[in-house]
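Only one structure is covered here, and it is reproduced in the block below.
Laboratory data are not the source of any read-out in this text; all were calculated from the coordinates shown. In this text, all values refer to a predicted model and were calculated from it rather than measured experimentally. Every residue, glycine among them, receives a Cβ derived from its backbone with ideal geometry; neighbour counts consider all protein chains shown.
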Amino acid sequence: MRKIILSTVAVALVLLALNSNRARPAEGGQNNSSKEYQVKIDNFSFSPSSLIVPVGSTVTWTNQDDVPHNVRSSEGQTLKSPVLDTDQKFSFTFTKAGTYQYFCAIHPKMTGKVVVQ
Amino acid sequence: MSMKSSLKIIEENAHHGPEADGVDRRGFLKCMAWAGTGALCVIKGGVLSSYALGAAGKMHPDKMMGELSFVQISDSHMGFNKPANTDVAATFQAAIDKINALPVPPAFILHTGDISHLSKPVEFDTVDQMLKSASAKEVFFVPGEHDVLTDNGQGYLDRYGKASQGGGWYSFDKNGVHFIGLVNVLNLKAGGLGTLGHDQLEWLEEDVKRLKSSTPIVVFAHIPLWAVYPEWGWGTEDSAQALGYLKRFGSVTVLNGHIHQTMQKVEGNITFHTATSTAFPQPAPGSAPSPGPMKVPADQLRGLLGITDVKYVEGQHSIAIVDSSLA
């Protein structure tokens, strides 16, 4: 029974993904398919600190420092990762165009931005 | 700077001793990279003299004895297990042993934050349990940013903040000295430094209003209340306003942690001091790409960790600060 539910969910997710792909060209004239991007957290900084991605992209932050960090929106609540200890990751899919400024709320000197277009 | 050369500088300063007239800014800058070496600092009327621990041993005991003696420990980071120190419980125990070996048992302990590494209850439990074996039973805490990683610090406040004001700040009096514990690790803003915030500043202004200007003040908080190195976030945005409320007092001592090394500065009536960590050292400002944990050879680690012993002599308005390493 569980398997059936899971595969139904999987099918639904695939359909959703297909729908959003189909909708994208109408949104901003972009025809890039959604992509995966990586941001490394290392030496108390985000790298790259500025990232430009198409709508629908997923960005994954990986903490490579010996101390914990997090990823929080500078304004608002869009990005709100849990505490990331060494080697822990946090992913977020950007579904709307815009500039997303963020910082590490533990070490607020660490800042970055994702520009979604 | 090597430990040997920092010791030399302290000895140089000791030569100037109490005869030195006022505070030589260059001298203090030179003192700034003390790392784990023992130093005795005697402050009288806002003027600080520093001595190597060796020299302190030859001092008249009256100068070192006080009516009130307490210990500052900091940055125990319980739960940390990376190469810079894979056994922070062992070095924390060494700090407690050091406290228990002091010739004059301290009246209490101040912990200036980063008690835990990841704000986990089990990390706080371990520290609380271990501190039960300390000669001083009373411990006063302020949080570090590592203690408030979840729920905006609610876990910390539930455990340590019962007697405090809303956000964890509080004050108390011991032997005529007024102690103020401040919180500067909550609600941090992007790109900024430590923050006290409006509510706490208002409380502080009110808290010290009733005190005579001759009352010695000891302020303790996690992030330094002076701009040690803003590029690494080592400072507090609104500390100037807080210190403004303390300008009229004859003797103000500010004790901080966060930077895992000892530093000292005097500005008018205010003496600033940061303590070493009991867990791992951090690099001197700007000497590394980032302020992350510093891996040193195993036989040097304990020389860079330590405790701070503080003595107050009633009637003389002087506070002596002695840093000693765990080595």
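Odds and ends about this structure:
- Among B:189-197, B:74-82, A:106-114, the order from most to least packed when residues are scored by Cβ within 10 Å on average: B:74-82, A:106-114, B:189-197
- Annotation: amide H-H contacts under 5 Å for B:W226 (H modelled 1.01 Å from N, sequence separation of 5 or more, or interchain): B:T236.
- Peptide B:285-293 has a mean of 3 when you count, residue by residue, the C-beta atoms of other protein chains within 10 Å of its C-beta.
- Using a cut-off of 22 Å between Cα atoms, the listed pairs B:K212/B:K247; A:K80/A:K109; A:K35/A:K89; B:K189/B:K265; A:K96/B:K189; B:K132/B:K295 include B:K189/B:K265; A:K96/B:K189; B:K132/B:K295 as exceeding that distance.
- Residue-averaged beta-carbon neighbours from other chains (10 angstrom radius) around A:101-113: 5
- Where Rh is the Kirkwood radius over Cα pairs, Rg/Rh for segment B:99-146: 1.01
- Derived scalar couplings ³J(HN,Hα) [segment A:48-60; Karplus, 6.51 cos²θ - 1.76 cosθ + 1.60; whole Hz; x for Gly, Pro]: x, 7, 10, 9, 10, 9, x, 3, x, 6, 10, 10, 10
- Debye-sum result for segment B:183-327 in log10 I(q)/I(0), which assumes one identical scatterer on each alpha carbon, at q = 0.10, 0.15, 0.16, 0.18 Å⁻¹: -0.38, -0.82, -0.92, -1.10
- In order along segment A:108-116, the phi-based Karplus estimate (6.51 cos²θ - 1.76 cosθ + 1.60, θ = phi - 60°) of 3J(HN,Hα) comes to x, 5, 7, 10, x, 8, 10, 9, 9 Hz; Gly and Pro are listed as x.
- Nonlocal amide H pairs with B:F220, under 5 Å, H built at 1.01 Å: B:I180, B:G181, B:L182, B:L255
- Rg/Rg_ref, segment B:109-175, where Rg_ref = 2.2 N^0.38 Å and atoms are Cα: 1.09
- Three-way shape call for segment B:127-229 based on the alpha-carbon gyration tensor, with the a/c threshold at 1.5: oblate
- Taken about its Cα centre, segment B:264-327 carries a charge dipole of about 180 debye when Lys and Arg each add +1 at the Cβ and Asp and Glu each add -1 at the Cβ.
- Here the scattering of segment B:268-327 is modelled by Debye summation over its C-alpha atoms, one equal scatterer each and no solvent; at q = 0.12 Å⁻¹ the log10 of I(q)/I(0) is -0.42.
- Coil-residue trypsin sites (Lys or Arg not before Pro) of segment B:246-327, DSSP, other Cβ within 10 Å capped at 14: B:K247, B:R248, B:K295
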